[in-house]
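Written out below as structure tokens is the structure these notes cover.
The values are calculated or read from the model by the stated rules, or taken from the named source; none is laboratory data. Since the structure is predicted, the reported quantities are computational estimates derived from the model, not experimental observations. With ideal geometry, Cβ positions are generated from the backbone for all residues, glycine too; neighbour counts draw on all protein chains shown. To get the accessible areas, we keep the full protein, side chains included, count just its heavy atoms, and leave off ligands, DNA and RNA. Shrake-Rupley method; radii C 1.70, N 1.55, O 1.52, S 1.80 Å.
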Amino acid sequence: PGLGVANLDAAVVNSNAYQVAAQQRPVTYKATVDAYNARAAQLDAQLKTMIDKFNADRAAKKPDAVLQQQYVAIQQFEARAKEELQQLRLPITLSEAYVVEQIAEKLDQAVQNAMSKRGITILLAPDAVIARSNAYEMTPAIIAELNILLPSANLVPPQGWVPRSVREQQAAQQRSA
């Protein structure tokens, strides 16, 4: 009695607000998803062509200098492609962060509510426990409290919104400047 175990990350991603947002995101951001997928396919095709040429030249015993040049070009292309795709996906990434942040703002209250209702005084993370019975599992109770506190989350962040970690980093930089 008084002891509970909960996986807070699981509570967040299994909350109704998170699940509904995850279902709505492909519809809300359809144009972004389509543009991302189309560009990813183009970049993959270009990369495949470069790799096929590299493999053919290697099989043809081309000079190491030529192969090295091609290898570096492939690596640079992959890096640029990854960066471009991250930029294309940015609205979706911000939406995901915005939803998680809204849920995280209610998480402490949900934990406190669940602990209070169950008479829990100490809550541990699952990785801090070697063995336990399911009677100590608090994650479903926390999910239920999150669902009460935040039935749904806003999917689209306001114009200019940045994640809390970025806001905190910017504030720290301003204080040290």
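The table for this structure:
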read-out: Some residue of the stretch 104-122 being out of contact with any strand residue (DSSP E or B) (no Cβ under 6 Å at 6 or more places or on another chain), among the small types (Gly, Ala, Ser) and not in a helix (DSSP H, G or I); value: yes
read-out: Filter pass, PRO157 being assigned to a loop (DSSP other than H, G, I, E, B), in contact with a Leu (Cβ under 6 Å, 6 or more places away or on another chain), in contact (Cβ under 8 Å) with a residue 60 or more places away in the chain and not β-branched (Val, Ile, Thr); value: yes
read-out: Residue ID - farthest from the chain's Cα centre (by Cα), chosen from residues in the stretch 157-177 that are surrounded by 10 or more Cβ atoms within 10 Å (Cβ to Cβ) and among the polar types (S, T, N, Q); value: GLN170
read-out: Filter result (of a type outside the set (Gly, Ala, Ser) and touching a helix residue (DSSP H, G or I) at 6+ places or on another chain (Cβ under 6 Å)) within the stretch 152-168; value: LEU155, PRO157, PRO163, ARG164
read-out: Any hit, the stretch 50-67, residues being open to solvent by less than 50 Å² (accessible area, probe 1.4 Å), within 17 Å of ALA10 (Cβ to Cβ) and not basic (Lys, Arg); value: no
read-out: Close pairs from the stretch 33-61: first farther than 18 Å from LEU90 by Cα, partner open to solvent by less than 70 Å² (accessible area, probe 1.4 Å) and of a type outside the set (A, V, I, L, M, F, W, C), Cβ under 6 Å, at least 6 apart; value: PHE54/GLN70
read-out: Residue list for the stretch 44-75, restricted to those being of a type in the set (Gly, Ala, Ser) and part of a helix (DSSP H, G or I); value: ALA45, ALA56, ALA59, ALA65, ALA73
read-out: Unmet criterion (only one of (1) under 30 Å from THR28 (Cα atoms); (2) modelled with pLDDT under 95; (3) assigned to a helix (DSSP H, G or I); (4) not acidic (Asp, Glu)) for ALA135; value: (1)
read-out: Residue pairs meeting the criteria (Cβ under 8 Å; at least 6 apart or on separate chains; first on the phi > 0 side of the Ramachandran plot and in contact (Cβ under 8 Å) with a residue 60 or more places away in the chain, in the stretch 1-13; second open to solvent by less than 60 Å² (accessible area, probe 1.4 Å) and among the aliphatic types (A, V, I, L, M)); value: GLY2/ILE120
read-out: Among residues of the stretch 1-43, those that are farther than 19 Å from ASP108 by Cβ and among the acidic types (Asp, Glu), counted; value: 1
read-out: Tally, over the stretch 89-99, of residues that are in contact with a helix residue (DSSP H, G or I) (Cβ under 7 Å, 6 or more places away or on another chain) and either open to solvent by less than 60 Å² (accessible area, probe 1.4 Å) or outside any helix (DSSP H, G or I) (or both); value: 4
read-out: Per-region count, the stretch 4-43, residues open to solvent by 70 Å² or more (accessible area, probe 1.4 Å) and outside any helix (DSSP H, G or I); value: 1
